[in-house]
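Below: one structure, written as structure tokens.
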Amino acid sequence: MAIAFKQETFRDDFSYRNSPGNIRRFPFPFDRDEYMYSVNMEPHVHGRAGTVYESLIDVDEHYVAEMHDRALVLKEDPLRYQALPHMMSAQWDTLELLMEQQAAGYPDHFTLIRNGDQWRWINRPLGIDDSFTFGDASTLPYEPFEYITRQAQGDFCIVDQRDGNLWMDAGMVTTQADWSLDFDIGMNFMEWHGPVPLAHQIGVFDRALKFLLNLQQGKPTRRFNWTMTINPRLDTSPENYHKWGPDRTTVTPDNVGQKVHLRVELQSLWRLPRSNAILFVIRCYLMNMEELVTVPKWARRFPRVLKTLPPELIDYKGLTRFRETTIDWLSKYDDGAPTSPGI
Ligand code: HEM
């Protein structure tokens, strides 16, 4: 089905909004009334039509605007894209995966035509029609990983597997929740997860690493992460903290509904065929509180999650300045009824 792409912004006047249809497909990540870190991984398989799992690489109404925002970020700061020299084979793996998945999921919008190593890629929403030689980077306007991730929603890391660990050796990171590719490039799994509280102590990262080292090709896996963002801003990077950090002090009882956003990351992990690296896709979804309370079971559950969140997570996720105000605003939608697990 053809998607109606929106013209909107993630900066300045922040005109980003979800249509009612897009709210219904929002991946609300809580299956109970409280939240704690866990190894919350499940097979990344196709789900029902009309959900974000309908296609394994999800494209929605925000695609064109997000790609425009990415181009703006890269123009200001080219280091948001980096790939170490030994990652070229993984770059081509990623280009193939993203082209195949987008063309399979959205044939109205994307077409991939292959004749041996002569490939033609048509991206109608962005007005692109390029022919190139697979494996020959000189036939594309950018390196293959940069080329395709300028045309795919979400952030992307490619991690190399060696010495029983994973190494962040390439990334396209412009929509991140306060971490820096330029800082993390070349780090391993435990190093880049260093700042995360509590999870190390309860063994989450030991178990997750073991699981990922054995990830099989053709059997991608997925998990959710979440945080909250003031204004629908995609680029909440440490590099631009001076632009968005102060927004956290601007939340009042009158503007909570529009300013405070739940930010959900649907993360999928894919073993790549030639390089044996892993592609980590961080697909970000934003929804403001006015949109969230249009679904009564979410309106009931979310204030309960916020009330019971461990203090270490409140601090790490940067919620301290506006959590109470948000709980107060949301609480009028919580009638105290019990909720069902799993919804
Ligand atoms: C946070 C990358 C896989 C659990 C983070 C951060 C990065 C990251 C860069 C931010 C750390 C900071 O504060 O600077 C990655 C990459 C992965 C991966 C590249 C794939 C290879 C996983 C897996 C799990 C996990 C499999 C768990 C099962 C977490 C948790 C946080 C985190 C709990 C804290 C998030 C929050 O509270 O907002 N990850 N991660 N990660 N990661 Fe991962």
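Side notes on the structure shown:
- Helix-only CD estimate at 222 nm, as mean residue ellipticity for the chain, using -39500 (n - 2.57) per DSSP H run (n ≥ 4): -7500 deg cm²/dmol
- Anisotropy class of segment 1-93 from Cα gyration tensor, a/c 1.5 cut: oblate
- Cα gyration tensor shape for segment 115-172, rounded if a/c is under 1.5, else prolate or oblate: oblate
- Applying 0.36 nm per residue to the separation of PHE211 and LEU79 and subtracting their alpha-carbon distance, the gain on full extension is 44.5 nm.
- For segment 14-64, the Stokes-Einstein estimate of translational diffusion at 20 °C and a viscosity of 1.002 mPa s comes to 162 µm²/s, using the Kirkwood hydrodynamic radius over alpha-carbon pairs.
- Model label points for GLU42 and LEU198, set 7 angstrom from Cα along the Cα-to-Cβ axis, are 2.2 nm apart.
- Evaluated over segment 74-182, the Cα radius of gyration and Dmax, each in Å: 14.4, 43
- Per residue accessible area of the chain, 1.4 Å probe, in Å²: 44 Å²
- When the Cα convex hull of the chain is projected onto planes of every orientation, the mean area is 16.8 nm².
- Angstrom value of the Kirkwood radius, inverse mean 1/r, which spans all Cα pairs in segment 255-328: 14.4 Å
- Between segment 225-256 and segment 51-107, the Cα center-to-center distance that results, in Å: 24 Å
- Only the Cβ atoms of Lys and Arg (+1) and of Asp and Glu (-1) were treated as charged; on that basis the dipole of segment 234-343 about its Cα centre amounts to roughly 400 debye.
- Of the peptides 32-43, 321-332, the order by per-residue mean of other Cβ atoms within 10 Å, starting with the highest, comes out as 321-332, 32-43.
- Rounded to the nearest 20 debye, the dipole size of the chain about its Cα centre is 920 debye, using +1 on the Cβ of Lys and Arg and -1 on the Cβ of Asp and Glu.
The values are calculated or read from the model by the stated rules, or taken from the named source; none is laboratory data. Computed from a predicted model, the values in this text were never measured in an experiment. Cβ sites come from the backbone with ideal geometry, for glycine too, and all protein chains shown count toward neighbours. Protein only, heavy atoms only, side chains kept; ligands, DNA and RNA dropped before computing areas. Shrake-Rupley method; radii C 1.70, N 1.55, O 1.52, S 1.80 Å.
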